[in-house]
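Asks: Structure in structure tokens, see below.
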Amino acid sequence: MSLPKHVSIIMDGNGRWAKARGKERLFGHQAGTESVRQAVETAAELGIAYLSLFAFSSENWGRPKVEVDGLMELLVRAVHAETPSLIENNVKLLAIGEISHLPVQVRECFGQSVRDTACCTGLQLILALSYSGTWDILQAANRYAADLRSGKVEANGLDAALFESYLSTSGIPHPDLLIRTSGEQRISNFMLWQLAYTEFYFSQKLWPDFRREDFLEALEEYAGRERRFGKTENKQ
Ligand code: IPE
Ligand code: IPE
Ligand code: MG
């Protein structure tokens, strides 16, 4: 089976999952952490090199304070609780996004887990936190402009590879497969640049219901896709 090197997931539908059970939205976010665990374990077990998870978008700051605070608390608890099993599964944790906007406890907790897993050589788990695709492109453009001004790079030498090196995902191959749960069919400002040739897979399942077998089903469908990258199927 042809395995994607990099899988991305827009983990959506926690709120609706909770609502359907007459519970607060946070109950859904909590339930979603088990789906995260299963996706990480499955990806590590199969030998997928990169798994990026959209955990909190720049736009999600606009949600009610009680939900944002609850999500931040949940992040801290989950990262703290899961770090030993990340190490056990040889998983290296990375975080991308406007990390400086996160509460100090979240930054510290992530920093610790990133350091603790730095020597792991298996799956690289990339958590997108306070992330948006437009932010990523703009921060890259701003950092490039600063390097131009300071003479660190030459003018008129900007190409795709150089620009890539300024993106938060520098050194990480573009996602081969993007999974979005909950039936929504949109990017919601995820990796706009990096998704240029990504295969999309939309699942009707809400994130807390998306478990190992659903992940495997997505991988199976991906294996049957023909990727052309603008070319024809035959080289002749
Ligand atoms: C995804 O679930 C988790 C985050 C965006 C943090 P939602 O909270 O968006 O759930 P729905 O889409 O409202 O059901
Ligand atoms: C996208 O889900 C962001 C994350 C999964 C973190 P949203 O629920 O925020 O996206 P929209 O509002 O439905 O586009
Ligand atoms: Mg949503």
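The values are calculated or read from the model by the stated rules, or taken from the named source; none is laboratory data. This one's a predicted model, so the numbers in the text were calculated from it and none came from an experiment. So basically every Cβ, Gly included, is an ideal-geometry build from the backbone, and we count neighbours across all protein chains shown. We work out accessible area using only protein heavy atoms, side chains counted, and drop any ligands, DNA or RNA first. Shrake-Rupley method; radii C 1.70, N 1.55, O 1.52, S 1.80 Å.
Asks: Starting from the Cα of Glu45, step 7 Å toward the Cβ, then list every residue of the range 198-236 with an amide N under 12 Å from that point.
Replies: The answer is 212-216, whose backbone nitrogens lie closer than 12 Å to the label point.
Asks: Counting only heavy atoms of protein chains, what accessible area per residue, in Å², does the range 175-236 have with a probe of 1.4 Å?
Replies: Heavy-atom SASA per residue in the range 175-236 reads 58 Å².
Asks: Which entries of Lys19/Lys92; Lys65/Lys205; Lys5/Lys152; Lys5/Lys205; Lys5/Lys231 have Cα-Cα distances beyond 29 Å here? Walk me through the numbers on the way to the answer.
Replies: Working: Lys19/Lys92 34 Å; Lys65/Lys205 27 Å; Lys5/Lys152 32 Å; Lys5/Lys205 24 Å; Lys5/Lys231 21 Å.
Beyond 29 Å between Cα atoms: Lys19/Lys92; Lys5/Lys152.
Asks: Tabulate in residue order the Karplus-calculated ³J(HN,Hα) for the range 67-79, using 6.51 cos²θ - 1.76 cosθ + 1.60 with θ = phi - 60°, rounded to whole Hz; enter x for Gly and Pro.
Replies: 6, 4, 4, x, 5, 5, 5, 5, 4, 4, 5, 5, 5
Asks: Tell me the net charge near Gly183. Cut-off is 10 Å between Cβ atoms, Gly183 excluded, with +1 for each Lys or Arg and -1 for each Asp or Glu.
Replies: Working: positive: Arg16, Arg180, Lys205; negative: Asp12, Glu184.
For residues surrounding Gly183, the net value is +1.
Asks: Report relative contact order for the chain in percent, whole number only (criteria: Cα-Cα under 8 Å, sequence separation at least 6). Working shown, then result.
Replies: Values: 365 pairs, mean separation 68.5, N = 236.
For the chain, the relative contact order is 29 percent.
Asks: Further question: Within the range 169-198, which residues have the backbone N less than 20 Å from the label spot 7 Å out from Gln38 along Cα→beta-carbon, could you tell me?
Replies: Backbone N within reach: 178-184.
Asks: If I compute solvent accessible area with a 1.4 Å probe over the protein chains, what percent of it on the chain is carbon and sulfur? Spell out each step's value before the answer.
Replies: On the way: 6420 of 12310 Å².
Summing carbon and sulfur atoms, their accessible area is 52 percent of the total for the chain.
Asks: Mind listing the long-range amide H neighbours of Leu178? Cut-off is under 5 Å, sequence gap 5 or more, other chains count too, H placed in the peptide plane at 1.01 Å from N.
Replies: Under 5 Å from the amide H of Leu178: Ser8, Glu199, Phe200, Tyr201.
Asks: Assigning unit charges at the beta carbon (Lys, Arg +1; Asp, Glu -1) and nothing else, what dipole magnitude in debye, to the nearest 20, does the chain show about its Cα centre? Let's see the in-between values first.
Replies: Working: 26 positive and 30 negative charges, 68 e Å.
In total the dipole reaches around 320 debye.
Asks: Right, another one. Please name whichever of Ile96, Ser113, Leu138 sits farthest to the positive end of the charge dipole of the range 37-143, dipole taken about the Cα centre and charges placed at Cβ: Lys and Arg +1, Asp and Glu -1.
Replies: Leu138
Asks: Just how many % of Cα pairs in the chain lie over 23 Å apart, if you round to the nearest whole percent? Could the numbers behind the result be given before it?
Replies: Numbers: 14288 of 27730 pairs.
So the portion of pairs separated by more than 23 Å is 52 percent.
Asks: How much net charge surrounds Phe56 when only other residues with a Cβ under 15 Å from its Cβ are counted (Lys, Arg +1; Asp, Glu -1)?
Replies: Working: positive: Arg25, Arg63, Lys65, Arg77, Arg107; negative: Asp12, Glu59, Glu67, Asp69, Glu73, Glu98, Asp136.
With Lys, Arg at +1 and Asp, Glu at -1, the neighbours total -2.
Asks: Let me ask another. For Gly70, what charge total do you get from the other residues with a beta carbon under 14 Å from its beta carbon, if Lys and Arg give +1 and Asp and Glu give -1?
Replies: On the way: positive: Lys23, Arg25, Arg63, Lys65, Arg77; negative: Glu24, Glu67, Asp69, Glu73.
In short, +1.
Asks: Given a Förster distance of 22 Å, report the FRET efficiency between Val104 and Trp61 from their Cβ-Cβ distance, rounded to the nearest 0.05.
Replies: Details: r = 16 Å, r/R0 = 0.73.
That gives a FRET efficiency of 0.85.
Asks: To the nearest Å, what is the center-to-center distance of the range 15-63 and the range 165-189, using C-alpha atoms only?
Replies: 15
Asks: What do the square roots of 5 times the Cα gyration tensor eigenvalues come to for the range 99-172, in whole Å, largest first, as semi-axes of the equivalent ellipsoid?
Replies: Value: 28, 16, 12 Å, ordered largest first.
Asks: Please get the size of the charge dipole for the range 1-137, origin at its Cα centre, with Cβ charges of +1 on Lys and Arg and -1 on Asp and Glu, quoted in debye to the nearest 20.
Replies: 280
Asks: How big is the charge dipole of the range 102-236 about its Cα centre, in debye rounded to the nearest 20, if each Lys and Arg gets +1 on its Cβ and each Asp and Glu gets -1 on its Cβ? Working shown, then result.
Replies: On the way: 15 positive and 18 negative charges, 61 e Å.
The calculation lands at about 300 debye.
Asks: Using amide H atoms built 1.01 Å from N in the peptide plane, name the residues 5+ places from Ala95, or on other chains, whose amide H lies under 5 Å from its own.
Replies: Leu127
Asks: List, in order, the whole-Hz ³J(HN,Hα) value for each residue of the range 155-163 obtained from phi through the Karplus relation with A = 6.51, B = -1.76, C = 1.60 and θ = phi - 60°; use x for Gly and Pro.
Replies: Whole-Hz 3J(HN,Hα) from phi for the range 155-163: 5, 6, x, 7, 10, 4, 5, 5, 4.
Asks: Report the paramagnetic label zone for Leu192: residues of the range 121-142 whose backbone N is under 11 Å from a point 7 Å from Cα along the Cα-to-Cβ axis.
Replies: Flagged as within label range: 132-139.
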